[in-house]
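In what follows, a single structure is set out as structure tokens and then discussed.
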Amino acid sequence: MKKISELIETLEDNPIIAGATDEEGLEVALQSNCDVVFLQFGDLCNIGELVSRIKDANRIAFLNVDLLEGVSSKNVVIEFLKKNTQLDGIISAKNHLLKAGKAEGFLTVQRFFLVDSMSLSNIPKQLAASDADIVEIMPGYSAYGINLVLRDIAAKGMKRPLIASGLVCNKEDAIRALSAGALAISTTCRTILNEA
């Protein structure tokens, strides 16, 4: 299991995270130079094997537990993942799953969807409840939105690394997000992954 400081160092060296939403996407992620993979598919029957493939490729493996098929959003899924996979971390929009993940020793990424000013203003409250290690903002193409989030989180004294994710569709989007203060970007875009 990686420590947050090790993950941050890894992402500072290579700020592109490969997102995988299906088998084909996982193969692209594993063939890329990305050190971190955000797995966004799987089910109870194949999750152990999918994570093993990521770990066998010497990558850091995260799973979006909200997208894992065949499970409920109860904390027992986190215990199952701890006992049956080699995951380094979990991604979720649900505070209780993130808290359970931290209790099991996983690195945690809290996913936020910025749709309006209310969703932005709720971030500090949600982070206080989850104590997630990292914030993931969607959509990630909006440098303005990323700047707002960083400013809002900093104003509340919560220092968290930020990942920009979703709709990062080209190199310019990635550069814009990183220039705005994101530690890394997460993408499934093959053009970006091939250049990583």
inquiry  = Given the condition modelled with pLDDT of 95 or more, among the acidic types (D, E) and in contact with a helix residue (DSSP H, G or I) (Cβ under 9 Å, 6 or more places away or on another chain), answer yes or no: does some residue in region 14-26 qualify?
reply    = yes
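Which members of region 61-102 meet the condition of being among the aliphatic types (A, V, I, L, M), open to solvent by 70 Å² or more (accessible area, probe 1.4 Å) and either touching a residue at least 12 places away in the same chain (Cβ under 8 Å) or not in a helix (DSSP H, G or I) (or both)?
Start the filter on region 61-102 by keeping residues that are among the aliphatic types (A, V, I, L, M), which leaves 61, 63, 65, 67-68, 71, 76-78, 81, 87, 90-91, 93, 97-98, 100.
If we keep only those that are open to solvent by 70 Å² or more (accessible area, probe 1.4 Å) too, we end up with 67, 76.
The one that is among the aliphatic types (A, V, I, L, M), open to solvent by 70 Å² or more (accessible area, probe 1.4 Å) and either touching a residue at least 12 places away in the same chain (Cβ under 8 Å) or not in a helix (DSSP H, G or I) (or both): L67.
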ask   = Restricting attention to region 30-55, and to residues there that are outside any strand (DSSP E or B) and aliphatic (A, V, I, L, M), which single residue is most open to solvent (accessible area, probe 1.4 Å)?
value = L44
query = Any idea which of (1) modelled with pLDDT of 95 or more; (2) open to solvent by 50 Å² or more (accessible area, probe 1.4 Å); (3) assigned to a helix (DSSP H, G or I) is the one N58 doesn't satisfy?
reply = (3)
Members of region 5-29 that are of a type in the set (A, V, I, L, M) and either surrounded by fewer than 21 Cβ atoms within 10 Å (Cβ to Cβ) or within 17 Å of A164 (Cβ to Cβ) (or both) = L7, I8, L11, I16, I17, A18, V28
request  = List every residue pair whose Cβ atoms sit under 6 Å apart, with the two residues 6 or more apart in sequence or on different chains, where the first one lies in region 37-52 and is under 18 Å from E136 (Cβ atoms) and the second, anywhere, is of a type in the set (D, E, K, R) and modelled with pLDDT of 95 or more.
outcome  = V37/R59; F41/D22
message = What are the pairs with Cβ atoms under 9 angstrom where one residue, in region 166-182, is on the phi < 0 side of the Ramachandran plot and surrounded by fewer than 16 Cβ atoms within 10 Å (Cβ to Cβ) and the other, located anywhere, is in a helix (DSSP H, G or I) and charged (D, E, K, R)? Sequence gap at least six, or different chains.
response = K171/E195
note = N194 passes all but one of the listed conditions (1) open to solvent by 20 Å² or more (accessible area, probe 1.4 Å); (2) at pLDDT 75 or above; (3) outside any helix (DSSP H, G or I); the exception is number (3)
remark   = Note: among D88, D173, D133, D152, just one is more than 13 Å from the chain's Cα centre (by Cα), modelled with pLDDT of 75 or more and among the acidic types (D, E), namely D173
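The values are calculated or read from the model by the stated rules, or taken from the named source; none is laboratory data. Just so it is clear, the model here is predicted, and its values are computed rather than measured. No Cβ is skipped: glycine too gets one built from the backbone with ideal geometry, and neighbour counts run over all protein chains shown. Please note that ligands, DNA and RNA were not included when accessible areas were found on the heavy atoms of the full protein model with its side chains. Shrake-Rupley method; radii C 1.70, N 1.55, O 1.52, S 1.80 Å.
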